[in-house]
Amino acid sequence: MDQTAILEGATAAGKPLGAQNAELPSGIDGLDMQSGLRRVLGNKPRYLSMLRNFVDEQKFVTTKILKALEDNDWDTAEQISHDLKGQRVILALPVCSRWQKGSRP
(Lines give C-alpha, C1' and ligand atoms only; values in the text may rest on other atoms or scores of the structure.)
Protein backbone atom coordinates (compact mmCIF):
# COMPACT_ATOMS: atom_id res chain seq x y z
CA MET A 1 0.00 0.00 0.00
CA ASP A 2 1.43 3.39 -0.91
CA GLN A 3 1.58 6.54 1.23
CA THR A 4 -1.38 8.17 -0.50
CA ALA A 5 -3.64 5.18 0.15
CA ILE A 6 -2.65 5.14 3.82
CA LEU A 7 -3.33 8.85 4.23
CA GLU A 8 -6.64 8.69 2.35
CA GLY A 9 -7.75 5.81 4.56
CA ALA A 10 -7.36 8.00 7.63
CA THR A 11 -10.27 10.19 6.56
CA ALA A 12 -12.48 7.45 5.14
CA ALA A 13 -14.69 7.06 8.23
CA GLY A 14 -17.06 9.75 6.93
CA LYS A 15 -16.95 11.88 10.09
CA PRO A 16 -14.60 14.63 11.17
CA LEU A 17 -11.71 12.80 12.83
CA GLY A 18 -11.62 15.19 15.77
CA ALA A 19 -15.29 14.78 16.70
CA GLN A 20 -15.98 13.49 20.23
CA ASN A 21 -17.89 10.44 19.04
CA ALA A 22 -15.92 9.77 15.87
CA GLU A 23 -15.05 6.18 15.20
CA LEU A 24 -11.46 5.22 14.79
CA PRO A 25 -10.58 4.70 11.14
CA SER A 26 -10.14 1.10 10.07
CA GLY A 27 -8.34 -0.76 7.33
CA ILE A 28 -5.16 1.32 7.35
CA ASP A 29 -2.25 -1.06 6.95
CA GLY A 30 0.47 -0.47 9.51
CA LEU A 31 -1.54 1.84 11.76
CA ASP A 32 -1.47 0.55 15.34
CA MET A 33 -4.23 2.69 16.80
CA GLN A 34 -4.17 1.02 20.21
CA SER A 35 -0.50 1.84 20.61
CA GLY A 36 -1.08 5.38 19.36
CA LEU A 37 -3.94 5.87 21.82
CA ARG A 38 -1.69 4.70 24.66
CA ARG A 39 0.83 7.38 23.67
CA VAL A 40 -1.82 10.07 24.17
CA LEU A 41 -3.10 8.48 27.39
CA GLY A 42 -6.26 7.17 25.74
CA ASN A 43 -7.40 10.63 24.63
CA LYS A 44 -9.29 9.55 21.49
CA PRO A 45 -10.23 13.06 20.26
CA ARG A 46 -6.58 14.15 20.66
CA TYR A 47 -5.30 11.10 18.77
CA LEU A 48 -7.80 11.60 15.97
CA SER A 49 -6.90 15.29 15.75
CA MET A 50 -3.21 14.41 15.53
CA LEU A 51 -3.97 11.84 12.84
CA ARG A 52 -5.93 14.41 10.85
CA ASN A 53 -3.10 16.92 11.21
CA PHE A 54 -0.63 14.29 10.06
CA VAL A 55 -2.71 13.67 6.95
CA ASP A 56 -2.99 17.40 6.21
CA GLU A 57 0.64 18.27 6.92
CA GLN A 58 2.39 15.26 5.40
CA LYS A 59 0.59 14.93 2.06
CA PHE A 60 3.53 16.41 0.23
CA VAL A 61 6.38 15.33 2.52
CA THR A 62 8.07 13.27 -0.20
CA THR A 63 8.00 16.21 -2.58
CA LYS A 64 9.38 18.53 0.10
CA ILE A 65 12.25 16.18 0.92
CA LEU A 66 13.11 15.64 -2.75
CA LYS A 67 13.04 19.41 -3.36
CA ALA A 68 15.38 20.03 -0.44
CA LEU A 69 17.75 17.33 -1.74
CA GLU A 70 17.66 18.81 -5.25
CA ASP A 71 18.60 22.16 -3.71
CA ASN A 72 21.41 20.49 -1.72
CA ASP A 73 19.64 21.69 1.43
CA TRP A 74 20.56 18.71 3.56
CA ASP A 75 19.57 20.39 6.82
CA THR A 76 16.01 20.95 5.64
CA ALA A 77 15.72 17.43 4.23
CA GLU A 78 16.97 16.02 7.53
CA GLN A 79 14.57 18.18 9.57
CA ILE A 80 11.57 17.17 7.47
CA SER A 81 12.54 13.52 7.79
CA HIS A 82 13.07 13.89 11.53
CA ASP A 83 9.65 15.54 11.97
CA LEU A 84 8.00 12.76 9.96
CA LYS A 85 9.70 10.11 12.07
CA GLY A 86 8.61 11.78 15.32
CA GLN A 87 5.01 12.05 14.20
CA ARG A 88 4.91 8.46 13.01
CA VAL A 89 6.21 7.25 16.39
CA ILE A 90 3.51 9.15 18.30
CA LEU A 91 0.77 7.99 15.93
CA ALA A 92 2.15 4.42 15.85
CA LEU A 93 2.64 4.31 12.10
CA PRO A 94 5.39 1.70 11.79
CA VAL A 95 4.88 1.44 8.04
CA CYS A 96 6.64 4.78 7.67
CA SER A 97 9.87 3.34 9.05
CA ARG A 98 10.60 1.64 5.73
CA TRP A 99 10.51 5.03 3.98
CA GLN A 100 13.13 6.30 6.40
CA LYS A 101 15.32 3.28 5.65
CA GLY A 102 15.40 4.20 1.98
CA SER A 103 13.17 1.53 0.45
CA ARG A 104 10.24 2.58 -1.65
CA PRO A 105 6.65 1.72 -0.72
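Yes/no matrix, rows are residues, columns are (1) in contact with a helix residue (DSSP H, G or I) (Cβ under 7 Å, 6 or more places away or on another chain); (2) of a type in the set (Asp, Glu); (3) under 30 Å from Glu23 (Cα atoms):
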site: Gly42; (1), (2), (3): no, no, yes
site: Leu66; (1), (2), (3): no, no, no
site: Asn72; (1), (2), (3): no, no, no
site: Ala77; (1), (2), (3): yes, no, no
site: Asp83; (1), (2), (3): no, yes, yes
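Residues in the stretch 1-36 that are crowded, with 17+ Cβ neighbours inside 10 Å and either basic (Lys, Arg) or at pLDDT 90 or above (or both): none. Selection of the stretch 67-85 for residues being over 17 Å from Glu57 (Cα atoms) and in a helix (DSSP H, G or I) yields Leu69, Glu70, Trp74, Asp75. Entry remark, the stretch 22-37: residues being out of contact with any helix residue (DSSP H, G or I) (no Cβ under 7 Å at 6 or more places or on another chain), in a helix (DSSP H, G or I) and within 12 Å of Val89 (Cα to Cα) number 2 in total.
If you take the residues of the stretch 79-105 that are farther than 16 Å from Asp32 by Cα and surrounded by fewer than 13 Cβ atoms within 10 Å (Cβ to Cβ), which of them is modelled with the highest pLDDT? Across the stretch 79-105, the extreme among qualifying residues is His82.
The values are calculated or read from the model by the stated rules, or taken from the named source; none is laboratory data. If you're wondering where the values come from, they're calculated on a predicted model, not measured in any experiment. Cβ sites come from the backbone with ideal geometry, for glycine too, and all protein chains shown count toward neighbours.
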